[in-house]
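Trainee: Input: one structure, supplied below.
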Amino acid sequence: MSSPFSTMATPIFRNNPVLVQVLGICSSLAVTTNVSTGLTMGISVTAVVALSNLILSSMRNWIPGKIRMIVELVVIAVLVIITDQVLKAYAFDVSKRLSVFVALIITNCIVMGRVEAFALANKPIPSLLDGIGNGLGYGAVLLLVSTVREIAGSGTWLGMQVVPQAAYEAGYSNMGLMVLAPGAFFLIALLAWAQTEFLLRKGGK
Amino acid sequence: MEDSLLKLLVDSIFTKNILLVFFLGMCSFLACSKKIKTAIGLGAAVTFVLTIATPVNWAVYNFVLRPGALSWTGNAELAGLDLSFLTFITFIAVIASLVQLVEMVVDKYSPSLYAALGVFLPLITVNCAILGASLFMVERNYTVSQSAVFGFGSGLGFWIAIVALAAVRQKLEYSNFPRGLRGLPGVFIISGLIAMTFMAFGGM
């Protein structure tokens, strides 16, 4: 049995949910045009994954196998509704910009995937840690992608001007492609490539 | 001025493609695009579910959930209710039951397609494209005919995109990719290129 620390740490890099397990791609592409939405989304997803893992894992011995999916969906949906209401109350601007993507955490494969693959077979505390680890791994990718996209696409980071005004006067212009869909695809591709290459080298040919 | 239905249809298929512009339904897009045949089957199933689910959810939202939506009952107390916080959970329930229906129909009439789609048929329930389309419909205040057209168009857009990707992937199966690019990263680059071509429809 792996230690609590490694349960939490492996999904952050080695078994990253987005890059290796291919879960939750939809939202990691859609909300990363700037850092503030990416960060909010990362935190929300971490909260939902961790809590749903904890709740469903403590319920795992009482859920009948046949209606498993429905029970899972109900728990996840309730958690997402709470997250949505909290965001609306305390971070209205960001929640407006995230629009439907908060609701789409329900159908985010990370949540369902981790519940099915981990929480239903493990005790509550390791499940909670697994949830947090996967949420953080997802958040890390979001942060990375949104940082690159915001700096290259709008010249800002978290709303602060990063590219100096002088550069614009010297003929520099923002890279429009980064804000649009294809930019996100290429960035994730490069990240996943770098990560696979790293693991291949490390693991010995 | 309201957009015409035809414009909405073309928009949702090409310039506002739900998959390549809004990134909804990515998981099945990546996982089910190894073979053209599976892609066609999944595309058909998604289109079908989307076309039905969007107007049904429209009805549920406008007659039950919206603030003041229950006024048709004539009961003042009910008319004052705002159930919109239940939107997500209701939509998911509607979609889940519709998917169940589609699953039974496909199983009965085309067992080979059923076997090919495998786990991805029940997973349409958690396909973001379907829930996403319903939520966009609420956010953009579509009428019932608009939401039906939007659902159908989004489904078609998904279908075209997934078949296009599957066609490219099938061709690339035996090509000599760099080792680290094989699998997922390569697929992302192809999807990026497809997304760029779809952008061209928007007159970029």
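Trainee: Report, by residue number, each residue of the stretch B:180-199 that is open to solvent by less than 60 Å² (accessible area, probe 1.4 Å), more than 7 Å from every other protein chain (Cβ to nearest Cβ) and either among the aromatic types (Phe, Trp, Tyr) or in a helix (DSSP H, G or I) (or both).
Mentor: Here is the first cut: in the stretch B:180-199, the residues open to solvent by less than 60 Å² (accessible area, probe 1.4 Å) are B:180-181, B:183-192, B:194-195, B:198-199.
Of the ones still in play, those that are also more than 7 Å from every other protein chain (Cβ to nearest Cβ) are B:183, B:186-187, B:190, B:194, B:198.
Selection gives B:GLY186, B:VAL187, B:ILE190, B:ILE194, B:PHE198.
Trainee: Please go through the stretch A:86-99 and pick out each residue that is more than 11 Å from every other protein chain (Cβ to nearest Cβ) and assigned to a helix (DSSP H, G or I). First the steps, then the outcome.
Mentor: The first filter runs over the stretch A:86-99 and keeps only residues more than 11 Å from every other protein chain (Cβ to nearest Cβ), leaving A:86-87, A:89-95, A:97-98.
Of everything in the stretch A:86-99, those that are more than 11 Å from every other protein chain (Cβ to nearest Cβ) and assigned to a helix (DSSP H, G or I) turn out to be A:VAL86, A:LEU87, A:ALA89, A:TYR90, A:PHE92, A:ASP93, A:VAL94, A:SER95, A:ARG97, A:LEU98.
Trainee: Got a sec? Which of A:GLY155, A:GLY131 is over 28 Å from A:LEU177 (Cα atoms) and open to solvent by less than 30 Å² (accessible area, probe 1.4 Å)? Break it down into steps so the answer makes sense when it comes.
Mentor: Values: A:GLY155 fails: over 28 Å from A:LEU177 (Cα atoms).
One residue alone meets the criteria, A:GLY131.
Trainee: Restricting attention to the stretch A:181-196, report how many residues are open to solvent by 40 Å² or more (accessible area, probe 1.4 Å), within 7 Å of chain B (Cβ to nearest Cβ) and under 10 Å from B:LEU181 (Cα atoms).
Mentor: Residues in the stretch A:181-196 being open to solvent by 40 Å² or more (accessible area, probe 1.4 Å), within 7 Å of chain B (Cβ to nearest Cβ) and under 10 Å from B:LEU181 (Cα atoms): 2 in total.
Trainee: Let me spell it out: the conditions are (1) of a type outside the set (Lys, Arg); (2) closer than 24 Å to A:LEU128 by Cβ; (3) open to solvent by less than 20 Å² (accessible area, probe 1.4 Å), and A:MET59 meets all of them except one. Which number is the exception?
Mentor: (3)
For (1) among the hydrophobic types (A, V, I, L, M, F, W, C); (2) within 13 Å of chain B (Cβ to nearest Cβ), each residue gets a yes or a no:
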site	(1), (2)
A:LEU51	yes, no
A:ILE55	yes, no
A:SER58	no, no
A:ASN61	no, no
A:ARG68	no, yes
A:VAL75	yes, yes
A:VAL80	yes, yes
A:ASP84	no, yes
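Trainee: How do the pairs read when you match residues in the stretch A:7-19 that are within 14 Å of another protein chain (Cβ to nearest Cβ) and among the β-branched types (Val, Ile, Thr) with residues anywhere that are crowded, with 23+ Cβ neighbours inside 10 Å and assigned to a loop (DSSP other than H, G, I, E, B), using Cβ under 8 Å and keeping only pairs 6 or more apart or on different chains?
Mentor: Close Cβ pairs (under 8 Å, with a partner that is crowded, with 23+ Cβ neighbours inside 10 Å and assigned to a loop (DSSP other than H, G, I, E, B)) amount to A:VAL18/A:GLY24.
Trainee: Next question. State yes or no: is B:ILE89 in a helix (DSSP H, G or I), aliphatic (A, V, I, L, M) and either open to solvent by 40 Å² or more (accessible area, probe 1.4 Å) or in contact with a helix residue (DSSP H, G or I) (Cβ under 9 Å, 6 or more places away or on another chain) (or both)?
Mentor: yes
Trainee: Please state which one of B:ALA59, B:ALA79 is more than 26 Å from A:VAL31 (Cα to Cα), of a type in the set (Gly, Ala, Ser) and at pLDDT 80 or above. Spell out how you get there, then give the answer.
Mentor: On the way: B:ALA79 fails: at pLDDT 80 or above.
Being more than 26 Å from A:VAL31 (Cα to Cα), of a type in the set (Gly, Ala, Ser) and at pLDDT 80 or above holds for just one of B:ALA59, B:ALA79, which is B:ALA59.
Trainee: If a residue must be open to solvent by 20 Å² or more (accessible area, probe 1.4 Å), within 14 Å of chain B (Cβ to nearest Cβ) and either closer than 14 Å to A:THR147 by Cβ or free of Cβ contacts under 8 Å to residues at least 12 places away in the same chain (or both), how many such residues does the stretch A:23-43 contain?
Mentor: Qualifying residue count for the region: 1.
Trainee: Are any residues in the stretch A:56-80 in a helix (DSSP H, G or I) and in contact with a Leu (Cβ under 8 Å, 6 or more places away or on another chain), and if so, which ones?
Mentor: Looking only at the stretch A:56-80, we keep the residues that are in a helix (DSSP H, G or I), and these are A:56-58, A:65-80.
Across the stretch A:56-80, the qualifying residues are A:LEU56, A:SER57, A:ARG68, A:VAL71, A:GLU72, A:VAL75, A:LEU79.
Trainee: In the stretch A:8-16, is there at least one residue being of a type outside the set (A, V, I, L, M), modelled with pLDDT of 75 or more, under 12 Å from the mean Cα position of the chain (by Cα) and part of a loop (DSSP other than H, G, I, E, B)?
Mentor: Yes: the stretch A:8-16 contains one or more residues that are of a type outside the set (A, V, I, L, M), modelled with pLDDT of 75 or more, under 12 Å from the mean Cα position of the chain (by Cα) and part of a loop (DSSP other than H, G, I, E, B).
Trainee: Mind counting the residues in the stretch A:100-146 that are hydroxyl-bearing (Ser, Thr, Tyr), part of a helix (DSSP H, G or I), over 12 Å from the mean Cα position of the chain (by Cα) and within 16 Å of A:LEU29 (Cβ to Cβ)? Walk me through how you get there before you give the answer.
Mentor: To start, the set of residues in the stretch A:100-146 that are hydroxyl-bearing (Ser, Thr, Tyr) comprises A:107, A:127, A:138, A:146.
Next cut, part of a helix (DSSP H, G or I) only: A:127, A:138, A:146.
Next, from what is left, pick out any that are over 12 Å from the mean Cα position of the chain (by Cα): A:127.
This time we only want the ones that are within 16 Å of A:LEU29 (Cβ to Cβ), so: none.
Total meeting the criteria: 0.
Trainee: In the stretch B:140-179, which residues are among the small types (Gly, Ala, Ser), surrounded by fewer than 19 Cβ atoms within 10 Å (Cβ to Cβ) and either under 30 Å from B:ARG66 (Cα atoms) or in contact with a helix residue (DSSP H, G or I) (Cβ under 7 Å, 6 or more places away or on another chain) (or both)? Before the answer, list the steps.
Mentor: Taking the stretch B:140-179 first, the residues among the small types (Gly, Ala, Ser) are B:145, B:147-148, B:151, B:153-155, B:157, B:161, B:164, B:166-167, B:175.
Next cut, surrounded by fewer than 19 Cβ atoms within 10 Å (Cβ to Cβ) only: B:145, B:167, B:175.
Selection gives B:SER145, B:ALA167.
Trainee: Which ones in the stretch A:67-94 are in contact (Cβ under 8 Å) with a residue 40 or more places away in the chain and of a type outside the set (A, V, I, L, M)?
Mentor: Taking the stretch A:67-94 as the starting set, the residues that turn out to be in contact (Cβ under 8 Å) with a residue 40 or more places away in the chain are A:68, A:72, A:87, A:91, A:94.
Matches in the stretch A:67-94: A:ARG68, A:GLU72.
Trainee: Could you pull out the residue among B:ALA53, B:ALA69 that is buried (at least 17 other Cβ atoms within 10 Å of the Cβ) and within 14 Å of chain A (Cβ to nearest Cβ)? Step through it out loud before you land on a result.
Mentor: On the way: B:ALA69 fails: within 14 Å of chain A (Cβ to nearest Cβ).
When all the criteria are applied, what remains is B:ALA53.
The values are calculated or read from the model by the stated rules, or taken from the named source; none is laboratory data. Just so it is clear, the structure is predicted and the values come from calculations on it, not from any experiment. Here the Cβ is made from the backbone with ideal geometry for all residues, glycine too, and neighbour counts use every protein chain on show. The accessibility values were calculated without ligands, DNA or RNA, using every heavy atom of the protein model including side chains. Shrake-Rupley method; radii C 1.70, N 1.55, O 1.52, S 1.80 Å.
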